[in-house]
1. Just to confirm the number: angle between the C-alpha axis of helix 359-375 and the first principal axis of the chain, 0 to 90 degrees, nearest 10?
2. For residue 263, go through the aspartates and glutamates and keep the ones whose alpha-carbon is under 19 Å away, minus same-chain ones fewer than eight residues off.
3. With each label point set 7 Å from Cα along the Cα-Cβ vector, what nm distance links residue 306 and residue 45?
4. What are the ³J(HN,Hα) couplings of segment 8-20, residue after residue, when phi is run through the Karplus curve with 6.51, -1.76, 1.60 and θ = phi - 60°? Round to Hz, x for glycine and proline.
5. Apply the Kirkwood formula to the chain: the hydrodynamic radius equals the inverse of the mean of 1/r over all pairs of different alpha-carbon atoms; give it in Å with one decimal.
6. Quick one: give the max-minus-min coordinate of the C-alpha atoms of segment 310-384 along each principal axis, largest first, in Å.
7. What is the chain's relative contact order, in percent, from Cα pairs under 8 angstrom and six or more apart in sequence?
8. Build a GNM of the chain with springs between Cα atoms under 10 Å: which of 18, 294, 194 gets the top mean-square fluctuation?
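What follows draws every value from the coordinates through simple rules; no lab data is involved. The structure displayed is predicted, hence computed values, not measured ones. Note: ideal-geometry Cβ built from the backbone for every residue, glycine included; neighbour counts use all protein chains shown.
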Amino acid sequence: RRRVTNPIFKSVLDDVHEASAGQGAMAFIEALSRQAPDRLHLILASRADPVFAIDRMRGQGQVLEILGSELAFSVTEITELLARTHDRPAEEFAVNLHELTRGWPVAVRFAIESLSDSGLAEGSAALDRIGKARRPLYSYLASEVFEKEPPEIQRLLRCIATLEWATADLCEAIGLPDAATVIGPLRERGLFLESHANESGAVKLSAIARDFVGSYRPLPEPEIRALHGAAAEWHEARGHFEEALASLSRAHDRPALARLLTKRGPTLIANGLVEAVVRAARPLPPELRTPEVEQLLGEAEQVLGNWEAALKRYLGVAGAEGDLPAGLAWRIGLIHHLRGELELALNVYARGRIDGLHRRDEALLLAWTGAAHWLLGNREECRNTI
């Protein structure tokens, strides 16, 4: 026999978060962590950081930390697991399953156990079935995870579940003053929160967590409306107009929607967010569909290529005769212009006001007027217009 000298012993203590500070069990764990001999490797599995200080041990290189986010399965690992449990490779399915679960091991396990051998071949249909057969997973989340979180974390998760994404500042604006100290550790655990790809410093709930919180512990509707009203103010102040519109829609604040569309709608359309404008304006009642809103919707329809719908909205604002704002005149005239109805276009262009108040629109009105005269061979009128 070969004799092993100086063997390494490993001891694993699970669910360390269940022991509270001041208890004998926690005092024992702390003493063991500080006084264990070099040949004893102590492994603490916990959902939270130890309640005793470990900075000195960390500085001496005696601590190895593995965060929850690092324990998440990769696509490759899910593929290997599927191959072992179902005897076939399933790379594409693994990608979709990773997207659904974000690699959270418990969710991956529950999902795979719900599949039959033929399930892998069904692709997205199988994933839909996994999403609907969620009772075991959600029961686990409720009893083993969510209900054991402190009230402030439960509240934060319930609030963020109603938002597309959130930052610590946004959380503070909606009434969560301790969010800055909570978000970081939650994200490191890799269970509920994940980083938002397009917003620096922002987080969002994973798909499973959002669905779980929304079905298990949703906020009451009045609270959701108040939350989105505060979120809309925060977004608008920072130039996030698309998010502000979405929050105002969720808050059912239609007067504020009409105000923001009137003020920021042209900027949204110029930035390519046409569908967001149309979607936000859809629930507005007739009394809030001001001429400015109707013209804005006409611009949106025109960008989308719906010329008839755009023209109908424009004419509803313009009427049959009288002067028109330069911006409305060139937009109506341009539709006739592009259809080859040049005389009609010139009649509308001629109704546009040139008073120096809207220089960009006035310049476009004169330019399109000159172009129409050029196409009709009216060289002198074209020269005088330009």
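1. 60
2. 233, 236, 242, 243, 253, 275, 287, 292, 294, 299, 301, 361
3. Result for the modelled spin labels: 5.6 nm.
4. Karplus values, whole Hz, x for Gly and Pro: 9, 9, 10, 10, 10, 10, 8, 6, 4, 5, 6, 8, 8.
5. After inverting the pairwise mean of 1/r, the radius is 26.3 Å.
6. Projected onto the principal axes, the Cα atoms of segment 310-384 cover 33, 28, 18 Å.
7. Once divided by the residue count of the chain, the mean separation gives 8 percent.
8. 18
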